[in-house]
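To start, the structure under review is shown below, and the notes come after it.
The values are calculated or read from the model by the stated rules, or taken from the named source; none is laboratory data. Just so it is clear, the model here is predicted, and its values are computed rather than measured. FYI the Cβ positions are ideal-geometry reconstructions off the backbone, even for glycines, and counts take in every protein chain you see. Protein only, heavy atoms only, side chains kept; ligands, DNA and RNA dropped before computing areas. Shrake-Rupley method; radii C 1.70, N 1.55, O 1.52, S 1.80 Å.
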Amino acid sequence: MRVSAHACFSLVRCARQLDPRNMSPAVAPVDLNARVPNNVGLADDPKLRRALEHWQPKYAEWWNDMGPTEFQTNEVYLRTATSVDSNGWATWDHVRMPDYRWGIFLTPTHQDIIQVGDATGQTVWQEVPGEHRNALRRIIVTQGDTEPASVEQQRLLGKTAPSLYDMRNLFQVNVEEGRHLWAMVYLLHKHFGTDGREEANEMLERRSGDADNPRLLGAFNQPCDNWLSFFAFTMFTDRDGKFQLAALRESGFSPLARSCDFMLTEEAFHLFVGETGMERIILRSAELAALDPNGDVRAQGGIDLDLIQRTINYWFSYCLDLFGGEISSNAASYFANGLKGRFREAERYTDHLALEGFREIPVVEQGRLSIRQVAPRNAMNESLRDDYIADCQRAVDRWNRGLAKLGSDCVLTLPSRRFHRHQGIYSGHSFDPQGNLISQEFFESHRNGWLLNPDDEVYLASIMKPVYEPGKFAQWIRPPRRGMNGQPDNFDYVRL
Ligand code: BYC
Ligand code: FE
Ligand code: FE
């Protein structure tokens, strides 16, 4: 959608026209200078301000339509980033979500010299180099698209929150994903002209799971409508965010690198929600099994570890897809051109050219797995996937240590990277969770034992009943070790 130059009606009328319900605070027009905390000089940049003034009412309308249902007028105890320094990046207050101050921040200091690919040693770019314009736009749009997608996927979860603590965390994640969208939209408006404005609008038009206009990446079109999936999503999908943002913070395009660097501070909280949320359910499950005379977790209203394992298999495999093909010329050229690095490229690697040696990748040839040697630049997606898998495994090991401490002999695992894939060289083949090549028939006959199945969905829906009393938690999840920002157990995280 193109914003015509003469579309000069005021912000107030624009917002009204877009949404007749604008009496709700959700679509109140804002004075961008006052409302958008930033360190990008918005006050002195009329061109950028005009672009954002056109986009902001559409964002407000999108938030109203596709953001969290029902709780828009309730006050939520939220952390807002109001500046990049240590006392401003986490300002806590009870605010209504539509009044959240979505800001635009770049980490002020970052590397000056590119340390990726053929551009290694050059000064970082403050403007988009013409020859990399399309690739950078594509990367920024792909990154940006995931942010509103996740909010859409999670929009109904407030209605079944297992506690006010968890509900607050959900909404915190949602508003921060909204800010991540602002971060990418800023780059599009500031650096990509008319194309950028169109892309920014389209980001508010695609919808998660929509048959005609879906989100760009697979995992962001999967339903996430119960809290076990929410915790698995923030554990596994937001962790893809961590690794992609880390790869982009190595970018030679400095505004992108510095945007992603700041986003990583918020991402850490999303990962905390996912990892500890899963852990609280897993340990609760072991406690309930010990309590029941037959070891039957469901009889005690809990979530059995088999179901949790199927959830891990489901979300982890969709998230492996988010790293793209194992052998990718896109990834090779992003690296060669200094647009995207490896995880902690600057600190962990001394050879930033990656022209030597090869990476061994098992491929399916003539009905069996055999090893192919791949040039390291073409295996960049696989390299990032390795670091991602190791980070996931660290969390799973921690959960298993917790289970062992409770006397459970159950061990949770990550499935093989070949299992249940929809992108890359393993898609189109069937593998069991151990990574053995199997027939499609065998896969289908075991699918319900390996992946979330319709009965699981029914059971989960049956126990997802809201618990809105301060300090109380649903039966199937442990309380957290401590409150958020040092608050007491019975704190009113959300004022209902
Ligand atoms: N689904 O060369 P290939 C986050 C497409 S999450 C659908 O193998 P490439 C967050 C690909 O686009 C982080 N399509 O892959 C988390 C290409 O299409 P075209 C998001 C897929 O390009 C939680 C074709 O397949 N950030 O922040 O090397 C909550 C062949 O591509 C998928 C980024 O992704 C898929 N899963 O790598 C909120 C960073 N995978 O060109 C937020 C930016 C691949 O043939 N993105 N395709 O039409 C990238 O760097 C790369 O685009 C990818 C793919 C890593 C995603
Ligand atoms: Fe994000
Ligand atoms: Fe996130």
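Values computed for the structure shown
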quantity: Most to least packed among 111-122, 205-216 [average Cβ atoms within 10 Å]; calculated: 111-122, 205-216
quantity: Accessible surface, 1.4 Å probe, highest first, among residues His270, His446; calculated: His446, His270
quantity: Packing-based ranking, highest mean first, of 218-231, 332-345 given that Cβ atoms within 10 Å are counted; calculated: 332-345, 218-231
quantity: Charge dipole (debye, nearest 20) of segment 202-338; +1 at Cβ of Lys and Arg, -1 at Cβ of Asp and Glu; calculated: 200
quantity: In Å, descending, principal axis extents of the Cα set of segment 277-397; calculated: 61, 40, 19
quantity: Coarse-grained scattering of the chain at q = 0.06, 0.10, 0.12, 0.13 Å⁻¹, given as base-10 log I(q)/I(0) from a Debye sum over alpha-carbon atoms; calculated: -0.28, -0.81, -1.16, -1.33
quantity: Signed unit charges on C-beta, dipole axis of the chain, positive-most listed residue Gly130, Met278, Leu496; calculated: Leu496
quantity: Percent RCO, i.e. relative contact order, over segment 343-496, from Cα pairs under 8 Å lying at least 6 residues apart; calculated: 10
quantity: Cα-based reach from Lys472 at 30 Å (exclusive), listing lysines while leaving out same-chain residues under 8 positions away; calculated: Lys159, Lys405
quantity: Asp85-Glu444 FRET efficiency (beta carbon distance; Förster radius 51 Å; 0.05 resolution); calculated: 0.40
quantity: For peptides 132-145, 288-301, sequence by mean Cβ density within 10 Å, most packed first; calculated: 132-145, 288-301
quantity: Linear extension gain, Asp292 paired with Gln434, 0.36 nm per residue minus alpha-carbon span; calculated: 48.0 nm
quantity: Shape category assigned to segment 60-153 from the gyration tensor of Cα positions, a/c cut at 1.5; calculated: oblate
quantity: Dipole moment magnitude, nearest 20 debye, the chain about Cα centre, only Lys, Arg, Asp, Glu C-beta charged; calculated: 580
quantity: Relative contact order (percent, whole number), segment 274-333, Cα cutoff 8 Å, 6+ residue spacing; calculated: 21
quantity: Total charge dipole magnitude, segment 389-496, about the Cα centre, Cβ charges on Lys, Arg, Asp, Glu only, Debye to nearest 20; calculated: 540
quantity: Helix-only CD estimate at 222 nm, as mean residue ellipticity for the chain, using -39500 (n - 2.57) per DSSP H run (n ≥ 4); calculated: -14500 deg cm²/dmol
